Structures are given as C-alpha cells and as structure tokens.
Amino acid sequence: MTKHTVVVAEAQTLFRDMITSFVEDMSEFRVIGKLKNGQEVIDFIRQKEVRPFLCLLDIHMPVMDGIECAKKLKEIYPNIKIVLLSAYDDEKSIERVLSVCADGYILKSSSLDEFKETLRFIVDGKFVAPQKMVHYFSKRLDILLKLERESSLHYIKEHFNHRQDFNKREWQIIQLMKKGWTNRMIAENLGISEGTVKNYLSIIYKKLEIKNRVELLQMLSEMTG
C-alpha cells in the first residue's frame, strides 16, 4: 500500500517527536520531514524537491509561524493538505485559522483517537475542526447571511413599504448605500459619474424628507430583522 507522505513542523522537540510517533503509528502515513518552523518547511520542500501529501504545522513557531507557512504553501503548492496544530481555541486563534485555507485544525488537547481520526478524514477530502471552531464559523456565516439578506433589494423595498416614487436607478443606489458603498464605488458599479450619483442622492433625500447622507445611512442602519 502506498503511504501518504507527511511533514511535521513543531518548535518544541518533545511535541515534534510525539506527533511524529503518532503519525508513524498509522499504517497509511509516512513522515518524511521533522522541522522546527515554517521557513524550514518551505526550504525542505524546495531543496528536496518533494511534494508531501500533508503538512502538520504548529501555529506558534519562531521565524515563520504555521499560519504564514500555510499561506505560502497554499500559494505555491495548492494541492498539499494543511493541518494546523494549536493549544488554543479562543476567538483570536480561530480568526487567524480562518484566514488560511487549511484543510483541518487539531487542538493539542485532543485525544490520540481524535488526532488519528482527523488525519483519516483529511485523506477523504473532508475539512475537520473542533466543535468550538465549527460553532464560531456557523455564527459568522449566520451574520454574513443576515447582512446579505438585509442588503437585498426586496428587503429594502419592504421596509420602505414598496413606495412607488423611486425609480429603478434610485432603488439601486439605496441598495448600494445599505451595503456601505461610497459614491465612487456606486458610480463605478453602475457605470455613471459621481456627479450623477450625487444628483440621484439629492432626489432621494427630498423624497424621504431628509437632509443628507448621514440621515439616509441612519435610516438604512435601522433596518434590521
């Protein structure tokens, strides 16, 4: 049986040896590199001209940490699987992990069975993460979906009681304002000049009986459901 090759990067010798031992205890994997930081991983892959199936990277390493290493690896070798290791599952750590297209995330507090199960899931092409991270990701997704829904034209029209005195272009500008776009961004998106956008906004202010952009943004920000 062909074994999946693995590179392990961990700053602390004890943990590096333990992780290596765990991986090599699995019949489907073979460790081809044990390294101390992300830069050593990049150099190892380039100099040895190898393409490991999987890189296990500790997040906290000197010289180049696991996050930066993962970003570089995904840019240069997008097919290499990346699993990040960390002792932390706080929101700041989760935010950093989500900034990288890693294939999995393992807490150092995980059991040996959980560790092995994660690697096998990675082989099957599945993303694996601790429950707390999944919950956090789900919460973030809910927020993004809510923002997208509240920026939809149908939603905005409902809150304006589908009033008939706005034309198509005015509705478009109101929608883009709800998304927080500047006049320049709106102009570029609609293929019109900034001056034309300002003219439309003046008409919108008059129809809504408000004075300026601040009042319009305040009105739009109060549209929550």
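Key figures for this structure:
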{"read-out": "Some residue of the stretch 83-94 being farther than 22 Å from residue 11 by Cα, modelled with pLDDT under 70 and either not charged (D, E, K, R) or not assigned by TED's automatic domain parsing to the domain that holds residue 178 (or both)", "value": "yes"}
{"read-out": "Tally of residues being within 18 Å of residue 16 (Cβ to Cβ) and assigned to a loop (DSSP other than H, G, I, E, B) across the stretch 51-87", "value": "9"}
{"read-out": "Enumeration of residues in the stretch 168-192 that are among the small types (Gly, Ala, Ser), more than 14 Å from residue 156 (Cβ to Cβ) and assigned to a loop (DSSP other than H, G, I, E, B)", "value": "191"}
{"read-out": "Any hit, the stretch 129-145, residues being modelled with pLDDT under 70, among the aliphatic types (A, V, I, L, M), assigned to a helix (DSSP H, G or I) and buried (at least 16 other Cβ atoms within 10 Å of the Cβ)", "value": "yes"}
{"read-out": "Among (1) at pLDDT below 90; (2) under 33 Å from the mean Cα position of the chain (by Cα), the one test that residue 164 misses", "value": "(2)"}
{"read-out": "Hits in the stretch 21-38 - residues which are assigned to a loop (DSSP other than H, G, I, E, B) and more than 29 Å from the chain's Cα centre (by Cα)", "value": "25, 26, 27, 28"}
{"read-out": "Hits in the stretch 193-224 - residues which are in contact with a Lys or Arg (Cβ under 8 Å, 6 or more places away or on another chain) and part of a loop (DSSP other than H, G, I, E, B)", "value": "223"}
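The values are calculated or read from the model by the stated rules, or taken from the named source; none is laboratory data. Please read these numbers as outputs of a predicted model, since none were measured by experiment. Glycine gets a Cβ as well: all are built from the backbone with ideal geometry, and neighbour counts include every protein chain shown.
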